[in-house]
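Worksheet: one structure, shown below.
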Amino acid sequence: MIRVVTFDARGTLIRLLRPPGAIYAEQAQLFGYVLDPVRVQEAFRIAWQCSAPPPESAGPCPDDDREWWRQLVASTMDQARYRIVPFDAYFSTVYGAFTRPGVWGLYPDVSVILTEIRRLGIRLGVISNFDRRLYEILTGLGISDAFEQVIISSEVGVRKPASRIFQLAAQRFDVEVCEMLHVGDEAAADFRGARAAGLDALLVDHEASRLSSILARLRPK
């Protein structure tokens, strides 16, 4: 019997409303620079693909993965052949911009599905390869109160698909892993990672289906 449902965040519950390159270019205007957002977005895509994920650690990441994001923004600017001075001030502005209203949005069926799952008496959580900005994002989107636990990789020092992050979630909820269902959009990190840890798992694709498919897994037969 499923007692807890956990969700991935980005790509499952929340989505960027604008490309990162557009946000980077917009913030550069505050420093007197005019950047081509399409050029910056292509540079971001290349930098993202070439960047290894933040390293795992024995505990919380001291800087909340901030240095990793700084290197990503720097690599993006290098790829786009832009130089912004002072870079550290620009990066801080970009980093903070991703918590502001209008940057992130919920997928259309999220609020309804969260309400329906809670009506079934099932507890909710988030397991995300994100950083502490996620708390502010979820609060700004009005869904933070739906979740009993939010497990963020930068806080626990381990990322999906590692079994340890799913096991930690089970410990926090005080349930067995077999009593949990994890929902996410990435086959390796969410579906296979959760299954390997002993959870049930559901892979979602917002282009092909809606989160409402979860309810069929949870309602009594």
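Values in this text are rule-based calculations from the coordinates and carry no lab data. Since the model is a prediction, treat every value here as computed from it, not as a measurement. When we count neighbours, we look across all protein chains shown, and the Cβ atoms used for this are built from the backbone with ideal geometry, even at glycine.
Taking R0 as 41 Å, what's the FRET efficiency between Ala89 and Met1 from their Cβ-Cβ distance, rounded to 0.05? Provide the component values of the computation, followed by the final result.
Details: r = 52 Å, r/R0 = 1.28.
E(calc), rounded to 0.05, equals 0.20.
May I ask for the net charge around Asp200, where only other residues with Cβ less than 14 Å from the Cβ of Asp200 are counted and Lys, Arg are +1 while Asp, Glu are -1? Before the final figure, lay out the partial values.
Numbers: positive: Arg3, Arg192, Arg195, Arg217; negative: Glu176, Glu179, Asp190.
Combined, the nearby Lys, Arg, Asp and Glu give +1.
With viscosity set to 0.692 mPa s at 37 °C, what whole-number translational diffusion coefficient in µm²/s follows for segment 50-107 from Stokes-Einstein and a Kirkwood radius over Cα pairs? Each step should come with its number before you reach the end.
Working: Rh = 13.2 Å.
Taking Rh from Cα pairs, D becomes 248 µm²/s.
Out of all Cα-Cα pairs in segment 124-186, roughly what percent, to the nearest whole number, are more than 17 Å apart? Write out the running numbers ahead of the final one.
On the way: 750 of 1953 pairs.
Percentage above 17 Å: 38.
Rounded to whole Å and sorted largest first, what semi-axes of the equivalent ellipsoid does the C-alpha gyration tensor of segment 156-221 yield via the square root of 5 times each eigenvalue?
Numbers: eigenvalues 87, 50, 14 Å².
Computed over segment 156-221, the values are 21, 16, 8 Å.
Can you give me the Cα centroid spacing of segment 123-176 and segment 1-50 in angstrom?
20
For Trp48 and Ser144, what is the calculated FRET efficiency with R₀ set at 25 Å and r taken between the beta-carbons, to the nearest 0.05?
Computed FRET efficiency for Trp48 and Ser144 comes out at 0.40.
In a GNM of the chain with a 10 Å cut-off on Cα contacts, which of Val183, Val175, Val85 has the highest mean-square fluctuation?
Val85
Restricting things to alpha carbons, find the Rg to Rh ratio for segment 18-97 using the Kirkwood radius for Rh. Before the final figure, lay out each step's value.
Working: Rg = 12.8 Å, Rh = 13.0 Å.
When Rh is taken as the Kirkwood radius, the ratio is 0.99.
Taking the chain as a Gaussian network, Cα atoms linked when under 10 Å apart, which of Ile46, Ile165, Ile117 shows the biggest mean-square fluctuation?
Result for the chain, Cα springs under 10 Å: Ile46 fluctuates most.
Using DSSP to call loops (not H, G, I, E or B), can you name the GluC sites (Glu not before Pro) in segment 144-221 whose Cβ has at most 10 other Cβ atoms within 10 angstrom? Can you show the working numbers first?
Numbers: sites: Glu148, Glu155, Glu176, Glu179, Glu186, Glu207; in loops: Glu148, Glu176, Glu186, Glu207.
Sites meeting the loop and neighbour criteria: Glu207.
Report, to one decimal in Å, the Kirkwood hydrodynamic radius for the chain based on all distinct Cα pairs. Numbers along the way, then the final one.
On the way: mean 1/r = 0.0543 Å⁻¹.
Averaging 1/r across every pair of different Cα atoms and inverting gives 18.4 Å.
Trypsin sites (Lys or Arg not before Pro), restricted to segment 56-118: which are DSSP loop and have at most 16 other Cβ atoms within 10 Å?
Values: sites: Arg66, Arg70, Arg81, Arg83, Arg118; in loops: Arg81, Arg83.
In loop regions of segment 56-118 (DSSP not H, G, I, E or B), the sparsely surrounded trypsin sites (Lys or Arg not before Pro) are Arg81, Arg83.
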